[in-house]
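Single-structure report; data block below.
The values are calculated or read from the model by the stated rules, or taken from the named source; none is laboratory data. All of these numbers come straight from a predicted model, not from anything done at the bench. Backbone-built Cβ (ideal geometry, glycine too); neighbour counts: all protein chains shown. Just so you know, the surface numbers come from the protein's heavy atoms only, side chains and all, with ligands and any DNA or RNA stripped out. Shrake-Rupley method; radii C 1.70, N 1.55, O 1.52, S 1.80 Å.
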Amino acid sequence: MFDLARLGSWSRDVRSQLTLPLRVDLWNGQRYDFSPEPPRVTVRVPDPGALRYLLSPSLYNLGKAYVEGAIEVTGRAQDMIAVVNALARASLKPEGRLGRAVHHLRHTREKDRKAIAYHYDVSNAFYQAWLDPAMVYSCAYFENGDEDLATAQVKKIDHILNKIRLQPGQTLLDIGCGWGALAIRAAERYGARCVGITLSENQLRLARERVRAQGLEDRVEIRLQDYRDVRGRFDRITSVGMFEHVGVAHLPEYFRRMCELLAEDGVAMNHGITSTDPAGGATPYGGGEFIAEYVFPDGELAHLSAVLRAMQQGGMEVLDVENLRRHYARTCALWTENYEARSAEIAALTDARRFRIWHVYLAGCAWAFEHDMISLYQVVCSKAGGPAAAHPWSRRYMYQ
């Protein structure tokens, strides 16, 4: 009875501040509507014990309740995320909605390997169901804004390879190569000799199959390898969507290793998600906590300032920085649309809990990028101390 009274008080308070396309149905037949319009999101609370999630509606609490089946939620993921963010802003105390806790995690090779396996080794078929045909699992590049996902992903890869001025016959190391799309494109279109490394067994197998199918085995090698174990020198190095797994404290070491692997006149590019909090805090409203527990164990986001500092500490000079936050908001929105359009197929490829995790995660990322909770930067760099004449006069070469 006490929680029901609190729920009534909470609902009145929310409705005094907001009009939301939300309906809450209780186990006892009671119903709360938060708008005179038909609801786009319906939350069913099956028992009194689940009320606590609504009464403290952080992204973590409501996300956890949905994923674990403590509450039932129907509606498009985009609408679900918008409603939850509005509830969090309206209901949480200032320190709860503004505080962005900073966590520095201890990373080891074994922990990193297990974290990668947890996230990427769901199954290749799972990712194929909602990614583009080349299975590029990172921010696309919408040059004009009207491209479909497949086109935008090819443009992203070309944008990267143009930025590093890749030339025929040069060697390229792709750290965190995914399913091989960048390495294959670099060899096929730019004539490079490529090594792609991953810690995912599933990615390794499919990437190698794709290399064989393209007849590129003489120019592309895919390895199951930690970046710390790579030997040799490379004319060009790319790292796309990987450094989020390195750990903030290890970024200088990461860029130092990149510097050691780079040829004296080489060019490297790091493409990755960053925090928008200068202190490097987690995504607000408990979103970072949810992702750490359910999606990216041991993942850490650094602020751009920390990334640039770590590059310099690692012996690199920053040449170019580009913000692609708008592009990742669009990418995640398209992934969410694909996921929901093929939900029956995807549900058959995994268990119900993981299906729900990804359902809200993809839409949550689209929201977070759209609202400047997180960002995405491409940073081009080279070894520090090189001659100024090695640098292009302008950025025109990136778009030719």
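Quick notes on this one:
- Residues (out of contact with any Leu (no Cβ under 9 Å at 6 or more places or on another chain), under 14 Å from residue 360 (Cα atoms) and not β-branched (Val, Ile, Thr)) located in segment 31-74: 59, 60, 63, 64, 66, 68, 69, 72
- Flag if residue 350 is open to solvent by 10 Å² or more (accessible area, probe 1.4 Å) and β-branched (Val, Ile, Thr): yes
- Number of the condition not met by residue 377 [criteria: (1) open to solvent by less than 20 Å² (accessible area, probe 1.4 Å); (2) assigned to a strand (DSSP E or B); (3) among the aromatic types (Phe, Trp, Tyr)]: (1)
- Number of residues in segment 122-131 that are open to solvent by 10 Å² or more (accessible area, probe 1.4 Å) and either in contact with a Ser or Thr (Cβ under 7 Å, 6 or more places away or on another chain) or part of a loop (DSSP other than H, G, I, E, B) (or both) equals 3.
- Residue within segment 140-152 that is open to solvent by 10 Å² or more (accessible area, probe 1.4 Å), in a loop (DSSP other than H, G, I, E, B) and in contact with a His (Cβ under 7 Å, 6 or more places away or on another chain) present: yes
- When we screen 37, 95 for residues that are at pLDDT below 90, at negative phi, out of contact with any helix residue (DSSP H, G or I) (no Cβ under 9 Å at 6 or more places or on another chain) and surrounded by fewer than 19 Cβ atoms within 10 Å (Cβ to Cβ), the only hit is 95.
- All helices (runs of 4 or more DSSP H) inside segment 230-340 with 3 or more residues being under 29 Å from residue 192 (Cβ atoms): 251-261, 304-313
Each row is one residue, and each column tells you yes or no for (1) touching a residue at least 60 places away in the same chain (Cβ under 8 Å); (2) hydroxyl-bearing (Ser, Thr, Tyr); (3) within 12 Å of residue 311 (Cβ to Cβ).
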position	(1), (2), (3)
227	no, yes, no
239	yes, yes, yes
245	yes, no, no
259	yes, no, yes
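- Looking only at residues of segment 268-281 that are open to solvent by 10 Å² or more (accessible area, probe 1.4 Å) and under 29 Å from residue 182 (Cβ atoms), we find that the one that is modelled with the lowest pLDDT is 280.
- Look at segment 268-279: where a residue is in contact (Cβ under 8 Å) with a residue 60 or more places away in the chain and a partner is surrounded by fewer than 21 Cβ atoms within 10 Å (Cβ to Cβ) and assigned to a loop (DSSP other than H, G, I, E, B), sitting 6+ places away or on another chain with Cβ atoms under 6 Å, you get 276/372; 277/100; 279/102.
- Segment 208-241 - residue that is aliphatic (A, V, I, L, M) and touching a helix residue (DSSP H, G or I) at 6+ places or on another chain (Cβ under 8 Å) and, of those, surrounded by the fewest Cβ atoms within 10 Å (Cβ to Cβ): 224
- Answer residue from segment 171-192, given it is farther than 17 Å from residue 270 by Cα and touching a helix residue (DSSP H, G or I) at 6+ places or on another chain (Cβ under 8 Å) and is most open to solvent (accessible area, probe 1.4 Å) among those: 189
- Residue in segment 286-307 that is within 25 Å of residue 255 (Cα to Cα), in contact with a Gly (Cβ under 6 Å, 6 or more places away or on another chain) and charged (D, E, K, R) present: yes
- Pair list, Cβ under 7 Å, 6 or more apart: segment 54-69 residue buried (at least 21 other Cβ atoms within 10 Å of the Cβ), other residue modelled with pLDDT under 90 and in a loop (DSSP other than H, G, I, E, B): 58/92; 58/285; 58/286; 59/285; 59/286; 60/286; 61/286
- Residue match in segment 189-196 (condition: touching a residue at least 60 places away in the same chain (Cβ under 8 Å) and out of contact with any Pro (no Cβ under 6 Å at 6 or more places or on another chain)): no
- Inside segment 299-323, residues that are crowded, with 20+ Cβ neighbours inside 10 Å and either free of Cβ contacts under 8 Å to residues at least 24 places away in the same chain or within 30 Å of residue 57 (Cα to Cα) (or both) make up a count of 3.
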